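Here the structure is laid out as structure tokens; the discussion comes afterwards.
Derivation of every value follows stated rules applied to the coordinates shown; laboratory data play no part. What you see is a predicted model; the values in this text were computed from it and never measured. Note: ideal-geometry Cβ built from the backbone for every residue, glycine included; neighbour counts use all protein chains shown.
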Amino acid sequence: MAGARLTIASKNYGAWSLRGWLLCKISGIDFVEHAVSADDPSARAELLLLSPSFLVPSLENGSVKVWDTLAIGEYLHETKPGAGLLPQDPAARAHCRAISGEMHSGFANLRSALPMNVKADYPGFKVWQGAQADIDRITEIWRDCIAKYGGPYLFGKSLTLADAMYAPVCSRFTTYNVKLDDVSVAYCKTIMATPFMQEWIAAAKKEPDELEELDVEF
């Protein structure tokens, strides 16, 4: 799969871009990045949550173009089955798809109240009730998975589609200093410390602040 290209938006603000990028990294695909400007309509749709359907991230490999994040994950799983993006066990695989789908289609209150901003830090941030309900459900998912599969990742000892889907949430919880249970704190620290996330964070910190809408003082 040499020559694949992943189009992403901002690394500081782009939660969906991070998911697509992580999926490519976990799969081991040989790819190059193409970053679109924050002025690009597709990028702004992702970053400002202006559309339920985003055109970034998108993965191009020869004649194949895939732009939905879950579709990217499924495509990479089919193309790189040995990478373990989905668990081998059928029950665990179904579980992984279910919680990844829940992240894909849900948690709108969390997205709007705690926008991704890797470079920011908001100690004492007050989480409103609607977002707290999303946080409670997400941490319930994490505790259940880690208890069932043993951790340190959601489905055991290897990163999967689910970890890629929830990684931006770990970034959000870190940015806004969200109070979490011990299991969720440990999971967030584990994800944030992975070499892939450290690479993304380092690049995000070098980006200019391009979107004033996402750099307001809370």
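For Gly151, list long-range residues whose amide hydrogen, built 1.01 Å from N in the peptide plane, is under 5 Å from its own amide hydrogen.
Under 5 Å from the amide H of Gly151: Gly156.
Suppose R0 equals 35 Å; then what is the FRET efficiency for Glu60 and His104 from their Cβ-Cβ distance, rounded to the nearest 0.05? Let's see the in-between values first.
Numbers: r = 21 Å, r/R0 = 0.60.
My answer for the efficiency is 0.95.
Using θ = phi - 60° and the Karplus curve 6.51 cos²θ - 1.76 cosθ + 1.60, what whole-Hz ³J(HN,Hα) does each residue of the range 83-89 get, with Gly and Pro shown as x?
6, x, 4, 10, x, 6, 5
Would any residue of the range 126-162 have its amide N under 18 Å from a label point 7 Å out along Cα→Cβ of Gln88? List them or say none.
Answer for this model: 149-161.
If each residue of separation counts as 0.36 nm, what is the full-extension length gain between Ser158 and Lys179 once their alpha-carbon separation is subtracted?
On the way: separation 21, 0.36 × 21 = 7.56 nm, distance 2.59 nm.
Stretched out fully, the Ser158 to Lys179 stretch lengthens by 5.0 nm.
In the range 116-218, which trypsin sites (Lys or Arg not before Pro) are in a loop and have at most 15 other Cβ atoms within 10 Å, using DSSP for the loop call? Intermediate results must be reported in sequence, preceding the final value.
Details: sites: Lys119, Lys126, Arg137, Arg143, Lys148, Lys157, Arg172, Lys179, Lys189, Lys205, Lys206; in loops: Lys119, Lys126, Lys157, Lys179, Lys206.
Filter output for the range 116-218: Lys119, Lys126, Lys157, Lys179, Lys206.
List Thr194, Thr160, Thr79 from most exposed to least, where exposure is judged by having the fewest other Cβ atoms within 10 Å. List each step's numbers first, then the result.
Numbers: Thr194 19, Thr160 26, Thr79 15.
If I rank by nearby Cβ atoms, fewest first, I get Thr79, Thr194, Thr160.
Among the helices of the chain (complete DSSP H runs), which have Cα atoms covering no less than 20 Å along the helix axis and a Kyte-Doolittle mean of at least 0.0? Intermediate results must be reported in sequence, preceding the final value.
On the way: long enough: 90-105 (22 Å, -0.40); 129-149 (30 Å, -0.54); 161-175 (23 Å, 0.50).
Qualifying helices: 161-175.
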